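I have placed the structure first, in the form of structure tokens, so that the comments after it can refer back to it.
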Amino acid sequence: MSFRKTIGFILSVCILHLAGCVQNVSKPAETKKLEPGRKIKIVLVGDSTVTDKAGWGAGFKRFIIADKAECINTAAGGRSSKSFINENRWAQALELKGDYYLIQFGHNDEPGKGDRSTEPNTTYREFMTRYVDEARAIGAKPVLVTSLVRRQWDKSGSGKINSSLVPYVEVVKQIAKEKNVLLIDLHARSKELCEQWGKEKCLEFSPVKDNNQPDNTHLNAKGSVIFARLVIEELVRVVPELKPCFRSEPAPAAIAEAKIFDVRQFGAKGDGNTLDTAAIQKALDECGKTGNGIVRLTAGTYLSKPIFLKSNTSLQLDEGAILKATDDPNDFANPQSKRPGDVFAFVNGIDLTNITIEGKGTIDGSGAKWWPPVKEAKKNNQPDPRRRPRLILLNGCVTVRIKDVTLINSPSFHLVTRDCEDVNIVRVTIRAPEDSPNTDAIDPIDSRYVRISDCVLDVGDDDVAIKSGHIDSAHPNAASEFTTVSNCTILHGHGISIGSETVGGVRNVSVKNCTFENTDNGLRIKSPRGRGGMVENITYSDITMKNVKPAITITCYYPKIPQTDTNQPMTNQTPIFKNIKISNVKATSQKSAGIIIGLPESLVENVVLENVQISAPKGLTIRNAKGIKLNNVKIETEQGNEPFILENAQVEGLEQTNKQ
């Protein structure tokens, strides 16, 4: 039997079994007669499982008959019913003046999603009701869609799915009944279909993650069509008048593969001497207009001034391709900024969605000319003579992928994500000379859901610096959260840091399976009075460090630590560090095991060290701290030096340390 016939048969069975899953509760006011010559506008609203990239949105569009209807997809990855409204995305969707709004949330409303989470029977109900009321207020027809099921297979092997989304699904169904709203129970339809297909066959429509594991939440292109078909079947059931807007089979994908924009076809020479800025930017601009394309740099050296990325664009650097920045400071001047002397980055992205930088090529910041004046200024205790550009600066971007590229010799920080969400940085190598000033490798600033894995970082400053420089009203508890650093090799540099700016809060950070060698610092949390905030729920595990100085640094002073200090008034910029766990760590240090030092008015709280072995000349200093717990901790020091130096510190398990 052909694949298409198989799908048709399965869907027919689903329809027979689930005829009761869809409530056609519409009254005449809830139906929309097609007006001659006028397209119906359908607006999709929801999370990543609705988007074109990872959900059923792209498949939905392929069923639409273009001269009958149009579909605008406003769904955004990582959004909940709450955050979509709070970020003003719902207001922007309403401005589109759609005829129908298909609204699906739930995945990011669940517990464990930070500020995005909602409680089903209270806040989730309130937000979902608001979508209904406000869509109706502009004369549109809201259609509530229950969440696409996660493929959460029962571990017993029964072939059944245990969905954690049920409480949210039930609330949506209740709202539909109470407020007489059109309803599509996609959760029931998708669960039934997945269970009929089974775990193995469902892999056919599951994307593959960067770690080669199946993504059991989102959809690939095949899955997008399969589940869009379910949505459309139920949509035309509850609104029969929309049936003429959809074809029975999806149209062929408009572009089988993303269209490639080779910068040489736009006039780039790639000879290392010709300035290729205009050609590269033209390719980026044209690619951005397509909504799905690749700007390609083949082997060669492309000399350029600052360039600006576009949404839904991949910048691909082939092996042997070098995108090289000019080194004239005048080329980076930013006349749009109100800050005197402000500069553009070399590669810029501002308020973009779905951007990728990938390939085996290199982005070179040409930093050698920038560093000497800075070194001289530091030597003379003077400020930097001028602002220096970042190599890559992404500001306000969502769904960012940076893979396999090499970044070298930035004038200052190499890769900065500021106020970004859903960021994957995988297999990236970043290098700059050990003495190059302020050449941080990766700086996630005020960003959320950042994953850094399998990278090699070898620079002159912080290898990773997770920062939070201001209080974010959209994320008041933590502007930076849910950051994971894993399987990375850390060489020269200042280690993996949190801070020094933490004013907006940093929480839910995990560092695991990383190795450090010849690094100035290992694991570091740093923030002083006046730049501090809440730092909490931080875990470090399975870490190996060789010849670091020191291994562990947790300090509420920066850059210098005074020998003595007195209480000062608490402010909203006093650093507060708590709930930190360090486990399965082996380290050698040429300086000391490290420090855990709070303030007299703000003690470091609840730090657990478990299965930690450190060999160093000096021990671990713990000052102004409470709730410190040691479990199987061994600090080997030079003869005569104490393994633990305590001052105003409450420490449990000290008597069990340094035992075999």
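The values are calculated or read from the model by the stated rules, or taken from the named source; none is laboratory data. All figures in this text were calculated on a predicted structure; none of them were measured in a lab. Neighbour counts run over all protein chains shown; Cβ positions are idealised from the backbone, glycine included. For the accessible areas, the whole protein counts, side chains as well, though only heavy atoms, and no ligand, DNA or RNA atoms are used. Shrake-Rupley method; radii C 1.70, N 1.55, O 1.52, S 1.80 Å.
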The chain - charge dipole about Cα centre, Lys and Arg +1 at Cβ, Asp and Glu -1, debye rounded to 20: 1340 debye
Near-label residues of the range 537-575 by backbone N, under 11 Å of a point 7 Å along Cα→Cβ of Ser615: 547
Label-point gap, in nm, between Lys634 and Thr539 - each point 7 angstrom along Cα→Cβ: 2.5 nm
Rounded Å value of the spacing that divides the Cα centres of the range 71-94 and the range 509-564: 37 Å
Gain on full stretching of the segment that runs from Glu178 to Thr122 - 0.36 nm per residue minus C-alpha separation: 18.6 nm
Translational diffusion coefficient (Stokes-Einstein; Kirkwood radius from C-alpha pairs) of the range 341-394 at 20 °C, 1.002 mPa s, in µm²/s: 160 µm²/s
Efficiency of FRET between Arg38 and Glu319 - r from beta-carbon atoms, R0 45 angstrom, step 0.05: 0.30
Scattering curve values for the range 32-142, log₁₀ I(q)/I(0), Debye with Cα scatterers, q = 0.14, 0.16, 0.18, 0.22 Å⁻¹: -0.56, -0.71, -0.87, -1.20
HN-Hα J in Hz across the range 635-646 - Karplus 6.51, -1.76, 1.60, θ = phi - 60°, x for Gly and Pro: 10, 9, 10, 5, 3, x, 9, 6, x, 10, 10, 10
Scaled radius of gyration (Cα, divided by 2.2 N^0.38 Å) that the range 73-118 gives: 1.17
Tilt relative to the chain, helix 166-178 - C-alpha long axis, 0 to 90 degrees, to 10: 40 degrees
Segment Lys546-Asp262, extension gain: residue separation times 0.36 nm, minus the distance between their alpha carbons: 97.8 nm
Calculated FRET value between Gln382 and Gln650, using beta carbons and R₀ = 45 Å, to 0.05: 0.55
Convex hull volume of the chain per residue (C-alpha atoms, cubic angstrom): 186 Å³
Antiparallel DSSP beta bridges within the chain, as percent of all bridges there, nearest 5: 5 percent
Amide H contacts of Glu110 (H built 1.01 Å from N, under 5 Å, at least 5 apart or other chain): Thr118
Potential lengthening between Gln152 and Ala299 on full extension [0.36 nm per residue; Cα-Cα distance subtracted]: 48.5 nm
Dipole axis of the range 348-439 (+1 Lys, Arg; -1 Asp, Glu on Cβ), positive-most option in Val398, Ile350, Trp371: Trp371
Set of lysines near Lys259 by C-alpha distance (under 20 Å), chain-local residues within fewer than 8 positions excluded: Lys53, Lys61, Lys222, Lys282, Lys289, Lys310, Lys360, Lys403
Amide hydrogen neighbours beyond the local backbone of Ser615, cut-off 5 Å, H modeled: Ala587, Thr588, Ser589, Glu636
Span from the the range 258-320 Cα centroid across to the the range 144-173 one, whole angstrom: 43 Å
Trypsin sites (Lys or Arg not before Pro) within the range 557-596, DSSP loop, no more than 10 other Cβ atoms inside 10 Å: Lys560
Sites matching GluC sites (Glu not before Pro) across the range 561-660 that sit in DSSP coil, with at most 13 neighbouring C-beta atoms within 10 Å: Glu638
Accessible area expressed per residue, the chain, with surrounding protein chains retained (probe 1.4 Å, Å²): 42 Å²
Solvent accessible area, Å² - Cys245, 1.4 Å probe, full protein context: 0 Å²
Fraction of beta bridges assigned by DSSP in the range 451-524 that are antiparallel (%, nearest 5): 5 percent
Accessible surface of the chain [probe 1.4 Å, protein heavy atoms]: carbon and sulfur percent: 48 percent
Dipole in debye (nearest 20) - the range 387-508, about Cα centre, beta carbon charges: Lys, Arg +1; Asp, Glu -1: 260 debye
Cα-based Lys pair tally, the range 165-219, threshold under 18 Å, eight or more apart or on separate chains: 5
Whole-number percent relative contact order across the range 487-617, with pairs defined as alpha carbons under 8 Å at least 6 apart: 25 percent
Using θ = phi - 60° and Karplus 6.51 cos²θ - 1.76 cosθ + 1.60, couplings along the range 473-490 (whole Hz; Gly, Pro as x): 4, 6, 9, x, 7, 6, 5, 10, 7, 6, 10, 10, 10, 9, 6, 9, 9, 10
Value of relative contact order over the chain, rounded to a whole percent, pairs C-alpha under 8 Å and six or more apart: 6 percent
Quotient of Cα Rg and 2.2 N^0.38 Å for the range 116-275, N being how many residues it contains: 1.39
Volume of the Cα convex hull of the range 438-581, divided per residue and given in Å³: 96 Å³
The range 505-606: equivalent-ellipsoid semi-axes (sqrt of 5 x gyration tensor eigenvalues, Cα, Å): 25, 16, 10
In nm, spacing of pseudo-spin labels at Lys160 and Asn211 (7 Å Cα→C-beta vector): 2.9 nm
For the range 93-182, alpha-carbon Rg relative to the globular expectation (2.2 N^0.38 Å, N residues): 1.21
Estimated FRET transfer efficiency when R0 is 35 angstrom, pair Glu95-Asn572 (beta carbons, to 0.05): 0.50
